[in-house]
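The values are calculated or read from the model by the stated rules, or taken from the named source; none is laboratory data. Keep in mind it's a predicted model, so treat the numbers as computed, not measured. FYI the Cβ positions are ideal-geometry reconstructions off the backbone, even for glycines, and counts take in every protein chain you see.
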Amino acid sequence: MVKFKYNPQSNVADEFICHDEVLESLQFAKEHLHDEEMLQNILYTAQAEKGLSHREALLLLMSDNLEINRQIEDLAKKIKLDFYGNRIVLFAPLYLSNYCVNGCTYCPYHAINKHMPRKKMTQEEICAEVTALQDMGHKRLALELGEHPTMNPLDYVLESIDTIYNIKHKNGAIRRVNVNIAATDEESYAKLKNAGIGTYILFQETYNRQRYESLHPTGPKHDYNRQTEAMDRAMRGGIDDVGIGVLFGLSTYLYEFTALLMHVEHLKAVFGVGPHTISVPRLRPADGINPELFADCINDDIFVKIVACLRIAVPTAGMIVSTRESKETRERVLQLGISQISGGSKTSVGGYSHPENKDDDSAQFDVCDNRSLDEIIYWLLQNGHIPSFCTACYRKHRTGEAFMKLCANKSIHHFCQPNALLSLQEYLTDYATPRTKELGEKVIAEEIAKLSPESAKFVLQHIEDIKNGRGRDFYL
């Protein structure tokens, strides 16, 4: 086996995700697992809220010291509030097509799955889906589709994005489309940027090359380098907000956690800015998937600690958890670092406009949190969070390095808190149930009292505009 030296500035996948460096880091952590002085020094470093190296964060994750673990949780909570406040951004996935040429053994979209009914939405069907999402109150979508060069070409994605942005129903509008599609070339990423996407999202699935290649035996996704180097091409193509993640459960979580942070270090070293978001999906049961794949699945306690350690290691990154997780698990991780969640999600093609179709078996995976968007917003408000539908940063060019600078010095709150309250008021006025509206307006009044006089005046003025039908989409 060829030996590679860890080099975060390299453009070669095996150098910035260096297998030997992962193994050496694991060994280092094992050797110092009970070195309380080293652990305390790492936590002291972390208190500066500048992040941690992959080795430092791994040692915290592996610690079984109860007092250290308590300090990890306390610090993760503090960093979450310092950087992202009590705001939780809401979005929904929109599945356009489940045609796929890849052979991913953990995904029901894989090409040889004959049980999966294949679907691809027309632009008219997309209109129906987006209208249904707007009528729920959503403003931000994440496009999802399988990789298929003839059924799902880039032109189809670009046309769909244009369709989505041009659908206006009542007071509804999708203001930001994030895109989670297969790895592609620099020219295609430039076209996505020109189409006005927000964040380009791509999960590595697993950073362990040997495991990766065995889980992707056929199709273009078999190419580990193509997948792992995709974010470099995306950023060179002009997309400055990228979202990374692994599918926990495909390989050992300690390996994935370490490599994920090495990917963060690489993006910072090469482009001067880390990922805009980090997602932490866990493997879920799905149609036609071999249950033996679940050997490396992690329990809730480990999952929660992963979230806390990632928050400490990468303070500026938004962190996402989807409806793959249960209400109870999401409640735990919201306190420790998560800043974005999906709500009212469907993982099937056409699932929003035809919710009565209970027998639809085109879903990519089982959803654990089946509550409606309104139920989730009420729950967030009850637990001290501010549900936010704000998309202002994308339209005010607070992206990439500009966003990270504002986030790092914590001045992003000046924009995000007022904008979150205004976007919440839109939801309350246009879509909320009476109980959610009552609680939401009480919370908004309490939060306005905490704002600067200038920001409070801005919010109060536009809240009245929203309530009296004088406009929507007000933001700093």
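Looking only at segment 311-322, decide whether some residue is at pLDDT below 95 and of a type outside the set (Val, Ile, Thr).
Residues of segment 311-322 that are at pLDDT below 95, as a first pass: 322.
Next, from what is left, pick out any that are of a type outside the set (Val, Ile, Thr): 322.
The answer is yes, given that some residue of segment 311-322 is at pLDDT below 95 and of a type outside the set (Val, Ile, Thr).
Based on this model, can you work out whether residue 18 counts as in the same structural domain as residue 228 (by TED's automatic domain parsing) and surrounded by 13 or more Cβ atoms within 10 Å (Cβ to Cβ)? No: the conditions fail for residue 18. In this entry, residue 206 is excluded by the filter for residues that are surrounded by fewer than 21 Cβ atoms within 10 Å (Cβ to Cβ), over 27 Å from residue 398 (Cβ atoms) and either modelled with pLDDT under 95 or not hydrophobic (A, V, I, L, M, F, W, C) (or both). Residue 394 fulfils the conditions (1) assigned to a helix (DSSP H, G or I); (2) closer than 20 Å to residue 168 by Cα; (3) at pLDDT 95 or above; (4) within 21 Å of the chain's Cα centre (by Cα) except for a single criterion, (3).
The C-beta contact set for segment 1-16 (first residue on the phi < 0 side of the Ramachandran plot and without any contact (Cβ under 8 Å) to a residue 12 or more places away in the chain, second residue part of a loop (DSSP other than H, G, I, E, B) and surrounded by fewer than 11 Cβ atoms within 10 Å (Cβ to Cβ), distance under 8 angstrom, 6+ apart or interchain) comprises 15/5. Looking at 212, 156, which one is at pLDDT 95 or above, farther than 30 Å from residue 471 by Cβ, crowded, with 17+ Cβ neighbours inside 10 Å and in contact with a helix residue (DSSP H, G or I) (Cβ under 6 Å, 6 or more places away or on another chain)? One residue alone meets the criteria, 212.
A quick yes/no check of all residues on (1) in the same structural domain as residue 387 (by TED's automatic domain parsing); (2) surrounded by 21 or more Cβ atoms within 10 Å (Cβ to Cβ); (3) farther than 30 Å from residue 379 by Cβ:
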residue	(1), (2), (3)
26	no, no, yes
31	no, no, yes
37	no, no, yes
71	no, no, no
88	yes, yes, no
94	yes, yes, no
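So is residue 265 in the same structural domain as residue 111 (by TED's automatic domain parsing), under 30 Å from residue 235 (Cβ atoms), of a type in the set (Asp, Glu) and at pLDDT below 95 or not? No.
Table: residues versus (1) surrounded by fewer than 21 Cβ atoms within 10 Å (Cβ to Cβ); (2) among the acidic types (Asp, Glu); (3) touching a residue at least 12 places away in the same chain (Cβ under 8 Å); (4) in a helix (DSSP H, G or I).
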| position | (1), (2), (3), (4) |
| --- | --- |
| 404 | no, no, yes, yes |
| 420 | no, no, yes, yes |
| 428 | no, no, yes, yes |
| 439 | yes, no, yes, yes |
| 445 | yes, no, no, yes |
| 463 | no, no, yes, yes |
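For first residues located in segment 167-193 and farther than 24 Å from residue 110 by Cβ, partners that are of a type in the set (Lys, Arg) and assigned to a strand (DSSP E or B) and lie 6+ apart or on another chain with Cβ distances below 6 Å form the pairs 176/140.
Of the residues making up segment 282-301, none is closer than 25 Å to residue 80 by Cα, modelled with pLDDT of 95 or more and surrounded by 24 or more Cβ atoms within 10 Å (Cβ to Cβ).
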